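Trainee: What follows is a single structure, and I will ask about it in a moment.
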Amino acid sequence: MTRVYLQLAELVDSVGTTKFTEAKHKVIEVLNESEETLSASYIPWRTTDMFNRLYLLNIYANELFISVVENFSNANEPLPKELGQSTSLFAYSLNQCEKQSMC
């Protein structure tokens, strides 16, 4: 999930630049990968809190992606740097959480 949110941060940072289309395609790739991973690890008779959290994080990532694409695909100006930084910080906090098994 960390990788998904880091790619989303790159997408947010690329709004209003020539790198937007490439960043959009990279996000689609990692979102597809994360959905495949979640699907492969789903066990209907045994869902864990960790799986549920990852599932919700994946839903929110998809919603964020759709929101950025719908609202900023034709933007001529970049978004404030703080938006991409916040998304990156969130991704790094997920990484720390995963390392410490505190999610």
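The values are calculated or read from the model by the stated rules, or taken from the named source; none is laboratory data. The shown structure was predicted, so the numbers you read here are calculated from the model rather than taken from an experiment. Cβ sites come from the backbone with ideal geometry, for glycine too, and all protein chains shown count toward neighbours.
Trainee: Based on this model, can you work out whether residue 67 counts as of a type in the set (Gly, Ala, Ser) and touching a Phe, Trp or Tyr at 6+ places or on another chain (Cβ under 9 Å)?
Mentor: Against the criterion (of a type in the set (Gly, Ala, Ser) and touching a Phe, Trp or Tyr at 6+ places or on another chain (Cβ under 9 Å)), residue 67 does not qualify.
Trainee: Scan the range 62-77 for residues that are surrounded by 10 or more Cβ atoms within 10 Å (Cβ to Cβ) and either closer than 12 Å to residue 14 by Cα or touching a residue at least 60 places away in the same chain (Cβ under 8 Å) (or both) and report the count.
Mentor: So the count comes out to 5.
Trainee: Go over the candidates 55, 42 one by one and state the one that is modelled with pLDDT under 95, surrounded by 13 or more Cβ atoms within 10 Å (Cβ to Cβ) and in contact with a helix residue (DSSP H, G or I) (Cβ under 8 Å, 6 or more places away or on another chain).
Mentor: 55
Trainee: Oh, and also: Failed condition for residue 14, given (1) under 21 Å from residue 95 (Cβ atoms); (2) surrounded by 13 or more Cβ atoms within 10 Å (Cβ to Cβ), with all others met?
Mentor: (1)
Trainee: Within the set of pairs 6 or more residues apart or between chains, which connect a residue that is within 23 Å of residue 55 (Cβ to Cβ) inside the range 1-29 to a residue that is of a type outside the set (D, E, K, R) and assigned to a loop (DSSP other than H, G, I, E, B) with Cβ atoms less than 7 Å apart?
Mentor: Correct list of pairs: 12/79.
Trainee: A further question on this structure: Right, residue 79: in a helix (DSSP H, G or I) and either of a type in the set (A, V, I, L, M) or more than 13 Å from the chain's Cα centre (by Cα) (or both) or not?
Mentor: no
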